Amino acid sequence: MRTLLIATVALFAALSPAQDDKAKKFEITKEVQQQIDGWKKTVAGWAADKVVAEAVLEQNKKGPLEGMDNKKWKTLRRRGAEIDPFTTNAAAKSLGDSAKGSNGVVSEAFLNAQKGEKVAFLEKTSSYLHAGSAKFDVPFQKLQSWQGEPEFDESSQTYAIQVAVPVLDPKDQKKAIGVLVVGLNLTQMANPKPPTPAK
């Protein structure tokens, strides 16, 4: 029994490094990068939507939730009185409708106001404030799109990557008022599902 246990532990130890390297092994081919670049333009269109921009402007007048930081945010449940407004407001519904038309490519979307706090999202994010991270700072400060590194999601057994774009002031396109971050399913992009036949 003890020998079997030792062998099992050794097997898991041997497998673990390979699992950790999964994300590093995903190769973003030229074709996949072209798709990502296309999605950046699509996401920029979502960020320019009137409903999205107005939601950010409104949040910028209020500022972050009083006393809310990332540590406290992590203790909140995925659903509840404090979270539901972020998933049911007009901006969240607009993003949700856009994501539904992505044929499974869009895995997440969240909208940030000028201090990095959340305005809307499809599912509760791991952090409430993203100011200080490249995904927020690059689009907000440089008015450029940002692209993260491929990540492997154990639960869905898929690879994903995040892209972010600035939400521009409708009255001044040279000024960012917030940032929209969208997760893209790389596995789906590399192996697209055929469209569902119409009934």
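The values are calculated or read from the model by the stated rules, or taken from the named source; none is laboratory data. Note that the structure is a prediction, hence the values are computed from the model and not measured. Glycine gets a Cβ as well: all are built from the backbone with ideal geometry, and neighbour counts include every protein chain shown.
In table form, for the structure just shown:
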| item | result |
| --- | --- |
| Close pairs from segment 132-156: first under 22 Å from Ile28 (Cβ atoms), partner basic (Lys, Arg), Cβ under 6 Å, at least 6 apart | Ser145/Lys40; Trp146/Lys135; Phe152/Lys22 |
| Checking Val119 against (1) more than 30 Å from Lys174 (Cβ to Cβ); (2) in contact with a helix residue (DSSP H, G or I) (Cβ under 7 Å, 6 or more places away or on another chain); (3) not small (Gly, Ala, Ser), the condition it does not meet | (1) |
| Top-ranked residue in segment 48-75 [being within 14 Å of Lys118 (Cα to Cα) and among the hydrophobic types (A, V, I, L, M, F, W, C); ranked as surrounded by the most Cβ atoms within 10 Å (Cβ to Cβ)] | Val56 |
| Some residue of segment 31-47 being on the phi < 0 side of the Ramachandran plot, at pLDDT 95 or above and among the hydroxyl-bearing types (Ser, Thr, Tyr) | yes |
| Filter result for Glu27 (under 28 Å from Glu149 (Cβ atoms), of a type in the set (Asp, Glu) and buried (at least 17 other Cβ atoms within 10 Å of the Cβ)) | no |
| Residue in segment 62-77 that is in contact with a Pro (Cβ under 7 Å, 6 or more places away or on another chain) and closer than 20 Å to Val167 by Cβ present | no |
| Filter result for Ala44 (touching a residue at least 40 places away in the same chain (Cβ under 8 Å), hydrophobic (A, V, I, L, M, F, W, C) and surrounded by 13 or more Cβ atoms within 10 Å (Cβ to Cβ)) | yes |
| Matching entry among Ala190, Ala120, Ala176, Ala198 (being small (Gly, Ala, Ser), more than 22 Å from Ile83 (Cα to Cα) and at pLDDT 95 or above) | Ala176 |
| Residue within segment 69-78 that is touching a strand residue (DSSP E or B) at 6+ places or on another chain (Cβ under 7 Å), closer than 21 Å to Leu180 by Cβ and free of Cβ contacts under 8 Å to residues at least 40 places away in the same chain present | no |
